[in-house]
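Engineer: Structure below; questions to follow.
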Amino acid sequence: MKRFAELISELDSTTKTTKRLAALKRYFVEVPDQDKLWCIALMTHRRPKRPVKTTLLREWAAEEAGIATWLFEDTYHIVGDLAETIALVLPNATDQSSKSLTQTIQDLIAITGAKEEEKERFVKASWRQLDKNGRFVFNKLITGGFRIGVSSKNLTKALADYTGQDVNVLAHRLMGNWTPDTTTFEELILQEDPDGDASKPYPFYLAYAVNDEVSELGAIEDWIVEDKWDGIRGQVIRRKGEIFVWSRGEELVTDKYPEFQSFMDSVPDGTVIDGEIICHDGDKPMSFGVLQTRIGRKAVSKKTLKEAPVKLIAYDILEHEGKDVRDLPQAERRKLLESVVEEADDPTLLISAVIQMQSWEELASFRALARERHSEGLMLKRANKPYKIGRKRGDWWKWKLDPLTIDAVLIYAMRGHGRRANLYTDYTFAVWNGEQLVPFTKAYSGLTDKEFARVDAFVKKNTLERFGPVRSVQPELVFEIAFEGIRASTRHKSGIALRFPRMARWREDKKADEANTLDDLKEMLDLYG
Amino acid sequence: MTGLLSYKAQGIYCEAGDFFIDPWRPVDKALITHAHADHSRWGMKRYLAHHRSIPVMRHRLGEINVSGVEYEEEVNINGVKVSFHPAGHIIGSSQIRVEHKGEVWVVSGDYRTGESDHTCAPFEPVKCHAFITESTFGLPIFRWQTNESLFADMNAWWSSLARNKKNAVLFAYSLGKAQRVLAGVDPSIGPIFTHGAVENTNEVLRTDGMILPETTRITQEHKSGDIKGALIIAPPSAMGTPWMKRLQPYETAIASGWMQVRGMRRRRNADKGFVLSDHADWEGLNHAIAETGAERIYVTHGYSDIYSKYLSEQGYDARVVETEYGEEHEEKEANT
Ligand SMILES: [Zn+2]
Ligand SMILES: [Zn+2]
């Protein structure tokens, strides 16, 4: 555990990739296989089930620190990370522990079903035995979210360096349904594995964004163009008489989308399709808001299946007749995909239509209408290239639609956290409804550090009222809010909810009364909701 | 804020004595807690400060009309008794005690309690009825380590870089933090170089009698590769500027209380963070306030809302006062 905490603090205290890779490799060299395996599992989001509720952790930490719960909560809001807040407020360690990473995790798994008092004893005792770094990591083991600046790409690189294996082979090995309980380091990383894990997906190929310089991509004939559908990117696998559905976040979501069980009859064994999971009424795609009603739910009710039915819009084929076909050129994979989809003749399996245009200009005007097709923009894929791993420049580009925008007035500000902990950077915006300002969205990002500092100074000098960490301010500043989608919402006072709202720019040229109105928003809702 | 001291557009005001303390707009008579730019501003007709604040004030503000006092020396201003007491923050930093008709108020300015070094007199609590406190680090996550362990870490960082023929660039405010670093590191590890802004301040302080290890100013003459295995102290504003080219190869670190928080460390984008502050930590604030015996506490710059709520729960009559002090300390000095 101490060694793992050291690794995390090493990774955390450098911004240089080479140093991070070296630290990981040193860790792999020094620790036993089982700890290596857990390290890989944690860094690929394979954490055991949360053994303790975070509300309890917060209570216990406040108790141990001897502070009121509101003070703990306000502090947590500023730090922005629960594991770190707890590590920092607790008094210094009084004892020492020599448990390994694996042992610590096994202990955590063991208390998962225990009584609350037992959990409390275990957690508090562990806190007393660990220094600041150790506690931080221990808390992260409970709360999850090991985002320590190690991308799966870098983890794979370090492992490749350590084992002498090919990076792409390792990337594929690391995917799938394994946990440290179902495999060993030897089995997962080192052994040749002909039989393999039937559920194992391929690493996704992700596109970079391209803006309006598309004509620099060369002749339009060299590109296959499709819509970029607004759903969940996923892989549907049919292997060994089973169906597996993976989301891009490497999450196995088979049970959430029972619709795809139909592939058992329509798609031949040994097929892996990459596509977009979207809600679709049989006629056309439904808005992303409909799909959202399914994402968070565990059980799928009959009602959901009826009101929010999903389909797969296929983009690509990665495995055909049990063979990895990722190295075939895009155009050939496309032909294979078309034949599979056609033969399947399954209403749940659609194909993303190829868009044929004579020129980039023509394509640009087609793209402008994407929102009406419920598409986010276009995907450009070079016809003669293979399917790659991860986000790579060159052969796949997404050419997204410009966001929707509206001018709104800043009315509340809250202190940011983490990176921006001492500045007021979290804002609530309003539009006019007659003489009244109606709040309709929050936004945290989009300004430069300099702009945030200036708005922060404005907030501090123009506070009207304080409500805990929130201040209401003189309604003077106008910002252009950009967002990707809009839908009706009964949870919001304004009756609407935005998708990915952010500050596009500070409209210093506008006065508050020049901001948009609630009617303007409702008009957008009618058009695009 | 009402009573002996009150809050005006220009700053904290004493009506009975007709003077301001650390005003942020031009006034006739200004009492200055310390020489940092956000507390000691330009444009006052007359200044009164601790005599060890004056050299730096003159260096920064030019020819000003200023008189100096010793710690605990009593000054009478229009029948109001005024005295300066060590605040432990930087050289000359003072808490200003104001007494009139038996009522005593203390303005803390910025302060740091606990261990000190020879670059600044240690904090001394002053009994009062009302205390105006800063709250820069007024959250229970801020707990400073001992100087011994802090400088052991810093020395280890510098030594390991020096062994690899790399430079250790440390960002620290040129007034206060830079001298704390100089007083704490082990100068036998290698040569110490300074950015012009730091060296200018060092010169002023050495002339005034402060003992610091030998430092060399980096100038145009220094070319890339001239400096090896050195500790280089520079103000934060020099980060990422072309000035740094001649220091290659190097790694960077920041010395600041904010380095306690991971998010802040990452935002600043340095290789390393040392938690070194010239402000009081959570326990330091609580302890200092208890020692004053004051019932009324006015909380200024920092986590003022949270900290005053905490104090109210502890039974103090605590409230927030908006001031214009803050983090902008030394933005301007990068070019000097
Ligand atoms: Zn200061
Ligand atoms: Zn200050």
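Engineer: Kindly rank A:301-310, B:303-312, B:172-181 from highest to lowest mean number of other beta carbons found within 10 Å of each residue. Numbers along the way, then the final one.
Structural biologist: Working: A:301-310: 14.1, B:303-312: 21.8, B:172-181: 25.7.
So the peptides A:301-310, B:303-312, B:172-181, ranked by packing, come out B:172-181, B:303-312, A:301-310.
Engineer: Please name whichever of A:241, A:266, A:218 sits farthest to the positive end of the charge dipole of segment A:155-278, dipole taken about the Cα centre and charges placed at Cβ: Lys and Arg +1, Asp and Glu -1.
Structural biologist: Projecting each Cα onto the dipole axis, the largest value belongs to A:241.
Engineer: So what's the gap between the Cα centers of segment A:281-312 and segment B:188-202, to the nearest angstrom?
Structural biologist: With segment A:281-312 and segment B:188-202 each reduced to a Cα centre, they are spaced 65 Å.
Engineer: Still on this structure: How large, in percent, is the carbon and sulfur part of the accessible surface of chain A at a probe radius of 1.4 Å? Write out the running numbers ahead of the final one.
Structural biologist: Details: 11910 of 24750 Å².
About 48 percent, which is the carbon plus sulfur part of the accessible surface.
Engineer: With a Förster radius of 60 Å, plug the Cβ-Cβ distance of residue A:266 and residue A:442 into 1/(1 + (r/R0)^6) and report the FRET value to the nearest 0.05. Let's see the in-between values first.
Structural biologist: Values: r = 44 Å, r/R0 = 0.73.
Given R0 = 60 Å and the Cβ-Cβ separation, E is 0.85.
Engineer: List the residues, sorted by chain then number, that are 5 or more residues from residue B:104 or on another chain and whose placed amide H is less than 5 Å from its amide H.
Structural biologist: So residue B:104 has HN proximity to B:129, B:130.
Engineer: Grab the other residues whose beta carbon is less than 10 angstrom from that of residue B:82, score K and R as +1, D and E as -1, and report the net. It would help to have the intermediate numbers written out before the result.
Structural biologist: Working: positive: B:81, B:97; negative: B:73, B:74, B:99.
Charge balance near residue B:82 sits at -1.
Engineer: With the convex hull built on the Cα atoms of chain A, state its orientation-averaged projected area in nm².
Structural biologist: Values: hull surface 110.0 nm².
If you wrap the Cα atoms of chain A in a convex hull and average its projections, you get 27.5 nm².
Engineer: Roughly speaking, to the nearest percent, how much of chain B's 1.4 Å accessible area is carbon and sulfur? Before the final figure, lay out the partial values.
Structural biologist: Numbers: 6070 of 12880 Å².
With neighbouring chains kept in place, the figure for chain B is 47 percent.
Engineer: What does the average come to when, for each residue of peptide A:12-19, you count the partner chain Cβ atoms lying within 10 Å of its Cβ? Present the calculation step by step, with values, prior to reporting the outcome.
Structural biologist: Values: counts 3, 8, 4, 5, 2, 0, 0, 2.
Partner Cβ neighbours, averaged per residue: 3.
Engineer: Before I look further, what does segment A:2-143 give for accessible area per residue, probe 1.4 Å, in whole square angstrom? Walk me through the intermediate numbers first.
Structural biologist: On the way: 6100 Å² over 142 residues.
It amounts to 43 Å² per residue over segment A:2-143.
Engineer: Which trypsin sites (Lys or Arg not before Pro) does segment B:127-169 hold that lie in a coil by DSSP with at most 10 other beta carbons within 10 Å? It would help to have the intermediate numbers written out before the result.
Structural biologist: Numbers: sites: B:127, B:143, B:163, B:165, B:166; in loops: B:127, B:143, B:165, B:166.
Passing sites in segment B:127-169 are B:165.
Engineer: Just to confirm, what accessible area per residue do you get for chain B at 1.4 Å probe, in whole Å²?
Structural biologist: Numbers: 12880 Å² over 336 residues.
Per residue, chain B has 38 Å² of solvent-accessible surface.
Engineer: Something else now. So what is the calculated 222 nm ellipticity per residue for chain B, using -39500 (n - 2.57) for each DSSP H run with n of 4 or more, over all residues, to the nearest 500 deg cm²/dmol?
Structural biologist: Values: 7 runs with 73 residues, N = 336.
After summing the helix terms and dividing by the residues of chain B, the value is -6500 deg cm²/dmol.
Engineer: Would you please put B:70-80, A:333-343 in order of how densely packed they are, using the mean number of other Cβ atoms within 10 angstrom per residue and starting with the highest?
Structural biologist: Values: B:70-80: 12.8, A:333-343: 16.6.
Top of the packing list down: A:333-343, B:70-80.
Engineer: Hey, another quick one. Between residue A:522 and residue A:179, what is 0.36 nm times their sequence separation minus the Cα-Cα distance? Round to one decimal in nm.
Structural biologist: On the way: separation 343, 0.36 × 343 = 123.48 nm, distance 4.77 nm.
Roughly 118.7 nm would be gained on extension.
Engineer: Provide the FRET efficiency to the nearest 0.05 for the residue B:267-residue B:243 pair, computing r from the beta carbons and using R0 = 25 Å. Working shown, then result.
Structural biologist: On the way: r = 21 Å, r/R0 = 0.85.
Computed FRET efficiency for residue B:267 and residue B:243 comes out at 0.70.
Engineer: Work out from phi, with θ = phi - 60° and the Karplus expression 6.51 cos²θ - 1.76 cosθ + 1.60, the ³J(HN,Hα) of each residue of segment A:507-518, listed in order in whole Hz, and give x for Gly and Pro.
Structural biologist: Karplus-based 3J(HN,Hα) across segment A:507-518 equals 8, 6, 7, 10, 8, 4, 6, 8, 6, 6, 10, 4 Hz.
Engineer: Helix B:147-163 sits at what angle to the longest principal axis of chain B, using alpha carbons and giving 0 to 90 degrees rounded to 10?
Structural biologist: 20 degrees
Engineer: Got a sec? Which residues of segment A:85-109 lose 50 Å² or more of accessible surface with every protein chain in place, vs. that chain alone, 1.4 Å probe?
Structural biologist: Hits at the 50 Å² cut-off: A:88.
Engineer: Would you mind putting A:518-529, A:222-233 in packing order, based on average other-beta-carbon counts within 10 Å, highest first? It would help to have the intermediate numbers written out before the result.
Structural biologist: Numbers: A:518-529: 15.0, A:222-233: 20.6.
Highest mean packing first, the order is A:222-233, A:518-529.
Engineer: How high is the FRET efficiency from residue A:507 to residue A:53, r the C-beta distance, R0 45 Å, rounded to 0.05?
Structural biologist: Values: r = 44 Å, r/R0 = 0.97.
Using R0 = 45 Å, I get an efficiency of 0.55.
Engineer: Roughly speaking, what is the centre-to-centre gap between segment B:160-174 and segment A:107-146 when only Cα atoms are used, to the nearest Å?
Structural biologist: 37 Å
Engineer: Here is a further query. Along segment A:88-97, what does the Karplus equation 6.51 cos²θ - 1.76 cosθ + 1.60 (θ = phi - 60°) give for ³J(HN,Hα), rounded to whole Hz, x for Gly and Pro?
Structural biologist: 7, 7, 5, x, 4, 5, 10, 8, 9, 10
Engineer: Specify which residue in the list A:109, A:296, A:504 is farthest towards the positive end of the charge dipole of the protein assembly as shown, using unit charges on the beta carbon of Lys, Arg (+1) and Asp, Glu (-1), about the Cα centre.
Structural biologist: Positive-end residue among those listed: A:109.
Engineer: Of the options A:285, A:489, A:528, report the single residue whose Cα projects farthest towards the positive end of the charge dipole of chain A (beta-carbon charges: Lys, Arg +1; Asp, Glu -1).
Structural biologist: A:489
Engineer: What spacing in nm lies between the two simple spin-label points modelled at residue A:121 and residue A:73, each 7 Å away from Cα in the Cβ direction?
Structural biologist: Label at residue A:121, label at residue A:73, 3.0 nm between them.
Engineer: Follow-up. How tilted is helix B:282-292 with respect to the longest principal axis of chain B? Cα atoms for both, answer in degrees (0 to 90, nearest 10).
Structural biologist: Between the helix axis and the principal axis of chain B, the angle is about 30 degrees.
Engineer: Pop a pseudo-label 7 angstrom from the Cα along the beta-carbon direction at both residue B:208 and residue A:499 and give the gap in nm to one decimal.
Structural biologist: Distance between label points: 6.1 nm.
Engineer: Treating only the Cβ of Lys, Arg, Asp and Glu as charged (+1, +1, -1, -1), what charge dipole size does chain B show about its Cα centre? Round to the nearest 20 debye. Write down the numbers at each step before the final one.
Structural biologist: Details: 36 positive and 43 negative charges, 245 e Å.
Roughly 1180 debye for chain B.
Engineer: Counting alpha carbon pairs within less than 8 Å and at least 6 residues apart, what relative contact order, in whole percent, applies to segment A:66-194? Walk me through the numbers before you get to the answer.
Structural biologist: On the way: 66 pairs, mean separation 29.3, N = 129.
Worked out over segment A:66-194, it gives 23 percent.
Engineer: Quote the accessible area belonging to residue B:158 in square angstrom, nearest 10, computed with a 1.4 Å probe and with ligands, DNA and RNA left uncounted.
Structural biologist: Accessible area, nearest 10 Å²: 0 Å².
Engineer: For peptide A:363-373, what's the mean number of Cβ atoms from other chains within 10 Å of each residue's Cβ?
Structural biologist: On the way: counts 0, 0, 0, 0, 0, 0, 0, 0, 0, 0, 0.
Rounded to a whole number, the mean comes out at 0.
Engineer: Relative to the present Cα-Cα distance, how much length would full extension add between residue A:342 and residue A:221 at 0.36 nm per residue of separation? Working shown, then result.
Structural biologist: Details: separation 121, 0.36 × 121 = 43.56 nm, distance 2.45 nm.
Stretched out fully, the residue A:342 to residue A:221 stretch lengthens by 41.1 nm.
Engineer: To test your reading of the geometry: what angle, between 0 and 90 degrees and rounded to tens, separates the Cα axis of helix B:196-207 from the longest principal axis of chain B?
Structural biologist: Once rounded, the angle reads 60 degrees.
Engineer: If you don't mind, another one. Once amide H atoms are placed 1.01 Å from N in the peptide plane, what residues at a sequence separation of 5 or more from residue A:230, or on another chain, have their amide H within under 5 Å of its amide H?
Structural biologist: When sequence neighbours closer than 5 places are left aside, the close amide H contacts are A:376.
Engineer: When the label point is put 7 Å from the Cα of residue A:392 along its Cα-to-beta-carbon vector, which residues of segment A:249-285 have a backbone N closer than 20 Å?
Structural biologist: Zone members listed by number: A:249-250, A:272-275.
Engineer: Can I ask one more? Give the A-B buried accessible area in Å², both sides summed, 1.4 Å probe, nearest 100.
Structural biologist: Values: alone 26180 and 14310 Å², together 37630 Å².
Buried area (both sides, nearest 100 Å²): 2900 Å².
Engineer: So between residue A:281 and residue A:332, what do we pick up on full extension, going 0.36 nm a residue minus the alpha carbon distance?
Structural biologist: Values: separation 51, 0.36 × 51 = 18.36 nm, distance 3.04 nm.
Net length gain for the segment: 15.3 nm.
Engineer: Let me ask something else about it. Per-residue Cβ counts within 10 Å, from other chains only, averaged over B:260-269: what number is that?
Structural biologist: Details: counts 4, 12, 14, 11, 6, 3, 6, 5, 1, 1.
That average works out to 6.
Engineer: In addition: Determine the relative contact order of segment B:163-254: mean sequence separation of Cα pairs under 8 Å and six or more apart, normalised by residue count, in whole percent.
Structural biologist: Details: 141 pairs, mean separation 47.5, N = 92.
Relative contact order for segment B:163-254 comes out at 52 percent.
Engineer: Can you tell me, using C-alpha contacts under 8 Å and at least 6 residues apart, the relative contact order of chain A as a whole percent?
Structural biologist: Details: 904 pairs, mean separation 62.6, N = 529.
Computed value for chain A: 12 percent relative contact order.
Engineer: Could you work out Rg/(2.2 N^0.38 Å) for segment A:205-400, with Rg from alpha carbons only? Please list the in-between numbers first.
Structural biologist: Details: Rg = 16.5 Å, N = 196, 2.2 N^0.38 = 16.3 Å.
Here the answer is 1.01, to two decimals.
Engineer: Using the crude model of +1 on Lys and Arg Cβ and -1 on Asp and Glu Cβ, and no other charge, please compute the dipole size for the protein assembly as shown relative to its Cα centre, in debye to 20.
Structural biologist: Numbers: 116 positive and 127 negative charges, 138 e Å.
Dipole about the Cα centre, nearest 20: 660 debye.
Engineer: Any idea what the dipole of segment A:286-415 comes to, in debye rounded to 20, about its Cα centre with Lys/Arg Cβ at +1 and Asp/Glu Cβ at -1? List each step's numbers first, then the result.
Structural biologist: Details: 25 positive and 19 negative charges, 157 e Å.
I would put it at about 760 debye.
Engineer: Now, a different point. Express as a percent, rounded to the nearest 5, the fraction of DSSP beta bridges in the protein assembly as shown (both residues included) that run antiparallel. Could the numbers behind the result be given before it?
Structural biologist: Working: 93 of 141 bridges.
Beta bridges within the protein assembly as shown, antiparallel portion: roughly 65 percent.
Engineer: Which distance in nm do the two modelled labels at residue A:295 and residue A:454 give, with both placed 7 Å along the Cα-to-Cβ direction?
Structural biologist: 3.4 nm
Engineer: Also: I'd like the distance between the alpha-carbon centres of segment B:67-116 and segment A:248-276, rounded to an integer number of Å.
Structural biologist: Taking the Cα centre of segment A:248-276 as reference, the centre of segment B:67-116 is 74 Å away.
The values are calculated or read from the model by the stated rules, or taken from the named source; none is laboratory data. Just so it is clear, the structure is predicted and the values come from calculations on it, not from any experiment. As a convention, Cβ positions derive from the backbone with ideal geometry for all residues, glycine included, and neighbour counts pool all protein chains shown. Quick note on the areas: whole protein, heavy atoms, side chains included, nothing else; ligands and nucleic acids left out. Shrake-Rupley method; radii C 1.70, N 1.55, O 1.52, S 1.80 Å.
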